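Working notes, structure below.
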Amino acid sequence: MLLRKQLESISQAYPRHQQWAYLERLAQYNKHGIRPVADPWPESNYTCLVYALGLCNSRVYQQIVARNEEVFAGPGFAQYLISQSAIKRSKQAQAGDLVLYCSGSDEDKTVCHAGILDEDGLVVSKWGLGGLWLHGLLEVPASYGKNINYFEAIDSERMLNWFLKFARSRGADNARPRFNIQSLKEA
């Protein structure tokens, strides 16, 4: 747990370009396998869930979010996906699966973080305002929770359709966008 608290401090106190130096120093006295991953998008343009759900390259997603401050792929969207059975729990975790980190009890879970499982059983995820990291399952900041759930991979087009449903359910403003949310195809 000490490692996770230290990771919490590093992820909140330093920008991405400084985090790696602190993580290297941390490894000298608190071993970990965390490594940076090439980040093809500006770090400020996406969250851990946007990355894990494959929405980083979606212009439609970006346009909806830009016009509707309260509608984005965050914990509320993750809960929506689970409640709508849009994502299915993995019977056996495998590469490409969505990894959701939650806090709270089974009855009152809050999704705190998301990543993608790689072929070595490691996770690729974005931490806060930083970039992407490859890390062990519990090599994450403490605030990300300790309950880990695996869900089957879902393609980004289908995920975008689920986001459109979510946006509509939250009253996303489609009067000003360059497209009409109602006219886009459904999942």
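So here's what we get for this one:
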read-out: Any hit, the range 99-113, residues being under 19 Å from I154 (Cβ atoms) and surrounded by fewer than 20 Cβ atoms within 10 Å (Cβ to Cβ); value: no
read-out: Hey, I87 within 15 Å of the chain's Cα centre (by Cα), among the β-branched types (V, I, T) and at pLDDT 95 or above or not; value: yes
read-out: Selection from the range 100-137 of residues that are at pLDDT below 95 and among the aliphatic types (A, V, I, L, M); value: V111, L129, L132
read-out: Residue ID - least open to solvent (accessible area, probe 1.4 Å), chosen from residues in the range 152-187 that are modelled with pLDDT of 90 or more and of a type in the set (G, A, S); value: A167
read-out: Residue that is in contact (Cβ under 8 Å) with a residue 40 or more places away in the chain, farther than 27 Å from G171 by Cα and not basic (K, R), where the choices are L81, L132; value: L132
read-out: Filtered residue count, the range 68-97, keeping only those that are open to solvent by 10 Å² or more (accessible area, probe 1.4 Å), outside any loop (DSSP other than H, G, I, E, B) and within 21 Å of L129 (Cα to Cα); value: 2
read-out: Any hit, the range 100-112, residues being within 17 Å of F163 (Cα to Cα), polar (S, T, N, Q) and in a loop (DSSP other than H, G, I, E, B); value: no
read-out: Residue in the range 28-43 that is closer than 22 Å to G104 by Cα, assigned to a helix (DSSP H, G or I) and either out of contact with any Phe, Trp or Tyr (no Cβ under 8 Å at 6 or more places or on another chain) or of a type in the set (S, T, Y) (or both) present; value: no
read-out: Top-ranked residue of the range 115-139 - restricted to ones that are more than 13 Å from R4 (Cβ to Cβ) and more than 14 Å from the chain's Cα centre (by Cα), ranked as most open to solvent (accessible area, probe 1.4 Å); value: E119
read-out: Residue count, the range 7-38 (criterion: closer than 13 Å to P141 by Cα and open to solvent by less than 40 Å² (accessible area, probe 1.4 Å)); value: 8
read-out: Criterion violated by V65 - all others in (1) assigned to a helix (DSSP H, G or I); (2) under 22 Å from I116 (Cα atoms); (3) under 19 Å from the mean Cα position of the chain (by Cα) satisfied; value: (2)
read-out: Extreme residue, nearest to F151 (Cα to Cα), among residues of the range 44-56 that are part of a helix (DSSP H, G or I) and not aromatic (F, W, Y); value: A52
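The values are calculated or read from the model by the stated rules, or taken from the named source; none is laboratory data. Just so it is clear, the structure is predicted and the values come from calculations on it, not from any experiment. Neighbour counts run over all protein chains shown; Cβ positions are idealised from the backbone, glycine included. Ligands, DNA and RNA are stripped out before the accessible areas are found, and what is left, the full protein with its side chains, is counted by its heavy atoms. Shrake-Rupley method; radii C 1.70, N 1.55, O 1.52, S 1.80 Å.
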